[in-house]
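What follows is a set of notes on a single structure, which appears directly below.
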Number of protein chains: 2
Amino acid sequence: MTRPRHSAQQYIDGVLAGDRALLARAITLIESENPHDAPLAREVIEACLPHSGRSIRTGITGIPGVGKSTFIEALGKHLIETRGERVAILSIDPSSQISGGSILGDKTRMERLGADERAFIRPSPARGHLGGVGRHTREAILLCEAAGFGTILVETVGVGQSETAVRGMTDFFLLLMLAGAGDELQGIKRGILEMVDLLAINKADGDNVNRAERARREFENALHLFPASDDGWIPKTVVCSGLTGAGVPAVWDVVLEHHQQMQETGNFTRRRERQAVDWMRDLISQALEADFLRRPGMEARLREAEIAVRQGAVNPISAVAGLLS
Amino acid sequence: MTRPRHSAQQYIDGVLAGDRALLARAITLIESENPHDAPLAREVIEACLPHSGRSIRTGITGIPGVGKSTFIEALGKHLIETRGERVAILSIDPSSQISGGSILGDKTRMERLGADERAFIRPSPARGHLGGVGRHTREAILLCEAAGFGTILVETVGVGQSETAVRGMTDFFLLLMLAGAGDELQGIKRGILEMVDLLAINKADGDNVNRAERARREFENALHLFPASDDGWIPKTVVCSGLTGAGVPAVWDVVLEHHQQMQETGNFTRRRERQAVDWMRDLISQALEADFLRRPGMEARLREAEIAVRQGAVNPISAVAGLLS
C-alpha cells in the first residue's frame, strides 16, 4: 500500500468501534514494507495501545495434519456461542510452501467461522531477514484487543522458528499432538515441548479414543520430568477432538485455570511487563538491522557473504569487517 | 588491557606454538572491551583461524551442585592420561553471584588439572547487553584449537541464557543431572532438555547407584517421546560418577560415536557451516548494537526506557522512537 486511503483518525475510530473491515486494513497498514507508511502505522498503534492488553493471548501450534484448523474452528465456535467471547485468530504463515490442498480446505472451514462478526481471522506474514519472525504479529494482537476482541488465538505451524516468538507474545501456549508418539513427532521442532502449558492430543474420536488416552498418559509422565516453568505452572495434558468437539471446552478450562493462577501470583503482570521490555529490545534490533540492510547494495552483499562463509572461502570475522567497512 | 605488551606476531607465534601463557593473554586480548584493542585482536584471530576447527567441541551443562567440576576434572584426566588428548576447558561464568564456597572448591580442584600442560582452563565472561552471551567464547575456542587443543569442553551453569549460545558453537551437548527427578530439576532452565545429545546422571556412586539407574531409565523413556533432532541423533542416557570415575569413559565413547555418525552423514560439516553463518549474523548484530550503545548517553537512556516500559509509563514503540530519534 503506497497510498493509504484513510487518515490515522479513520483507522483509529474504526478499530476502536470494532469495525472488522477497518481492523483488517489497519493490520495491512502496519504490515506494509513501505517506509512512508511507517509514521501513520505508528500513530494508529500508539492510539490503540491504551485500549489494548485486556485479553487472554493463547499461542496454538502443531504440525500440519494435526487438525489445527478444525480444532481452532471448534474452539472458536465454543468461545463465541457458549462463552460469549469475541475471538481473533492470527495465523503466522511461514510462506506459501505448505501443501496447497490442506490450505484450501482450511480456508473454507475458517471462512465459515470468519463470517461471524464475533470472530476475526487473519493470516500474518512471517517476514524478517535477520530473525524478525512474526514481527508485526505483536502489533496485530494490540489492534485486535483495541477492537474489543477479548480472546486472541495466535496459530503457528509448529515446524519453524516462529514458536519461540509466539511464546514471547502470548500468555499461554497450547501444543496439539496426535496419538502414536513415533512418526508423528518427527515433524515437530525440538524445543517446543518444553514451552507448552497444555499438550492436547487431538483426533480423540472413533477408534482413536483409547490410543489418544494412552498417548496422553505417556506425555503426562514425560512432562513430569521437565523442570517446572519459572511461573510455577505444571504443564497439563488432555485429549480432545476438533471434529466432534469433545474435550474442547476442557481445553479452555485449563487456559482459564492458568490465567487465574497467574493473576493470583502476580506472574501475569510480570510476564506482560517482561514481554514489553523484550518487545522494546526487538524493536531496537529490528530498526538497527533495517537501517543496515538499507545501505546501498547491502542485501546482495550480505547474501554473497553468507555463501562465501558457508563454503569456507571467507571467515566470518573478515566477512563482517568487509560488510561494515 | 589498554596497552598490549605483545605484537600481533608474538601472540600468533605463541598460540600456534601451544604456549599456554600466551594463549591466555591472547584470550584476554580478544575479551578486551577497549576499542583500541580490536584491530590487534582481529589480526590475531584471523591468523589463527586457518589452524582452527580440528577439534571436538563439547558443551557441558548442569545446575550448581550436580558435581560439574568434579566430573570435568575426571573427564579431563581420562582424556589426557588414557586417550592422550590435549584438553581446553572454557567456563562461561554468568557473573559472580554464584555462591562463593563452591567456586573456591571448584577452583582448587580445577587448578590441579590446570597444572598439567596438556590442559588449559579458562573462565569466559558472559557479557553483552542486548543478548551477546558468551560472545567471545567462540573466538576463544578457535584460539585453543590453533594452540593444538583437540578437545574443547565449554562449561555453563545450566540456569541462564548461555546454553543456547553454547549449543550453537559446539558439536555435542552434554547435560549432567542428579537422581531424584523432583526437586533437583527445579533449578534447570526449561528448554535445555531438548538440546541434549547425552544426558548423564552423575553421582552414581555408593548408595546412589540404584537411584541413578532408575532416574536414567525414566529419562530414557521421556527422551523417546521427544522429536528426533534434525541430524538424526537420538539422545542417549548414561550414569556416571565424577568422584569415582565410573562411567566417565563411557560418556566419551558416546561423544565419539556421535562424532563418527555426524561425519559419516555429512552433518558435522553442515552444522559447522551453519554455525559459521550464524556467527557472522551474530557479529553483525553485535556490531550494530555496539555502535548504537556508543551513542552519547545511550546506555543510561536505554536503562531509563526499560524501566519506564516495564512500569507501563511508556509504550515500547514510543520508547524506541525516542531512543532512535
Simple spin-label estimate for A:GLN10 and B:SER229 in nanometres, 7 Å along Cα-Cβ: 5.5 nm
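Could you run the numbers on buried accessible area between A and B, total for both chains, 1.4 angstrom probe, in Å² to the nearest 100?
Numbers: alone 16790 and 16790 Å², together 28340 Å².
So the total buried area for this chain pair works out to about 5200 Å².
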So, in nm, how far is label B:HIS259 from label B:ARG54 when the simple model puts each one 7 Å beyond its Cα toward the Cβ? 1.3 nm
At 7 Å out from Cα toward Cβ: A:ASP291 inter-copy label distances (nm, ascending): 0.7
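How much net charge surrounds B:GLN261 when only other residues with a Cβ under 11 Å from its Cβ are counted (Lys, Arg +1; Asp, Glu -1)? Walk me through the numbers on the way to the answer.
Working: positive: none; negative: B:ASP197, B:ASP231, B:GLU257, B:GLU264.
Summing Lys/Arg as +1 and Asp/Glu as -1 gives -4.
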Along the dipole axis of chain B (charges at Cβ: +1 for Lys and Arg, -1 for Asp and Glu; origin at the Cα centre), the most positive-end residue among B:ALA165, B:PHE292, B:ILE80 is B:PHE292
Tell me, what % of the accessible area of region B:4-71 is carbon and sulfur with a 1.4 angstrom probe? 52 percent
Peptide B:217-227, shielding by other chains (average Cβ, 10 Å cutoff): 5
Would you grab the residues whose amide H sits under 5 Å from the one on A:ILE89? Only those 5+ places off in sequence or on another chain, please, with H modelled 1.01 Å from N. A:PHE120, A:ILE121, A:ARG122, A:LEU153
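Give, rounded to the nearest 20 debye, the magnitude of the charge dipole that region B:176-292 has about its Cα centre when Lys and Arg contribute +1 at Cβ and Asp and Glu contribute -1 at Cβ. If you can, show how the numbers build up before the last one.
Numbers: 13 positive and 19 negative charges, 31 e Å.
Computed about the Cα centre, the dipole is about 140 debye.
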Compute the angle between helix A:209-224 and the longest alpha-carbon principal axis of chain A, please, reported from 0 to 90 degrees and rounded to the nearest 10. 60 degrees
Going through B:LYS203/B:LYS236; A:LYS68/A:LYS203; A:LYS236/B:LYS203; B:LYS68/B:LYS236; A:LYS203/B:LYS236 one by one, the pairs whose alpha carbons sit over 22 Å apart turn out to be A:LYS236/B:LYS203; A:LYS203/B:LYS236
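Label chain B by shape, choosing from rounded, prolate and oblate, from the square roots a ≥ b ≥ c of the eigenvalues of the Cα gyration tensor; if a/c is under 1.5 it is rounded, and otherwise prolate applies when a/b is larger than b/c, oblate when it is not.
oblate
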To one decimal place, what orientation-averaged projected area in nm² is obtained for the convex hull of the Cα set of region B:202-273? 5.4 nm²
Please provide three numbers in whole Å: the alpha-carbon extents of the protein assembly as shown along the principal axes, with the largest listed first. 74, 59, 45
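Whole number in Å², please: accessible area per residue of the protein assembly as shown, 1.4 Å probe, ligands, DNA and RNA not counted.
On the way: 28340 Å² over 650 residues.
For the protein assembly as shown, the per-residue accessible area is 44 Å².
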Once you charge only the Cβ atoms, +1 for Lys and Arg and -1 for Asp and Glu, what is the size of the charge dipole of chain B about its Cα centre, to the nearest 20 debye? 400 debye
Calculated [θ] (222 nm, deg cm²/dmol) that DSSP helices of n ≥ 4 give over chain B, each run adding -39,500 (n - 2.57): -15000 deg cm²/dmol
For chain B, what does the relative contact order come out to in percent, with C-alpha contacts under 8 Å and a separation of six or more? 18 percent
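Quick one: dipole size for the protein assembly as shown, taken about the Cα centre, charges +1 on Lys/Arg Cβ and -1 on Asp/Glu Cβ, in debye to the nearest 20. Walk me through the intermediate numbers first.
Working: 76 positive and 84 negative charges, 121 e Å.
The calculated dipole for the protein assembly as shown is roughly 580 debye.
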Set Lys and Arg Cβ to +1 and Asp and Glu Cβ to -1, take the dipole of region A:186-273 about its Cα centre, and tell me which of A:GLY191, A:PRO235, A:VAL209 lies farthest positive. A:GLY191
Approximate spin-label separation A:SER325-A:GLU304, in nm, with each point projected 7 Å along Cα-to-Cβ: 1.3 nm
Step through the residues of region B:252-259 one at a time and calculate ³J(HN,Hα) from phi using the Karplus curve (6.51 cos²θ - 1.76 cosθ + 1.60, θ = phi - 60°), rounding each to whole Hz and writing x for Gly and Pro. 5, 4, 5, 4, 5, 4, 4, 4
Inter-copy label distances at B:VAL277 (7 Å, Cα→Cβ; nm, one decimal): 3.3
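Just to verify a number: FRET efficiency for A:GLU46 and B:ALA21, C-beta to C-beta distance, R0 = 60 Å, to 0.05?
Numbers: r = 57 Å, r/R0 = 0.95.
It comes to 0.55.
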GluC sites (Glu not before Pro) lying in DSSP loop within region A:13-87, provided at most 15 other Cβ fall within 10 Å: A:GLU33
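The values are calculated or read from the model by the stated rules, or taken from the named source; none is laboratory data. Just so we're clear, the structure is a prediction, and the values are computed from it rather than from any experiment. Methodologically, a virtual Cβ is constructed for each residue, glycine included, from the backbone with ideal geometry; neighbour enumeration extends over all protein chains shown. Only protein heavy atoms, including side chains, enter the accessible area calculation; ligands, DNA and RNA are left aside. Shrake-Rupley method; radii C 1.70, N 1.55, O 1.52, S 1.80 Å.
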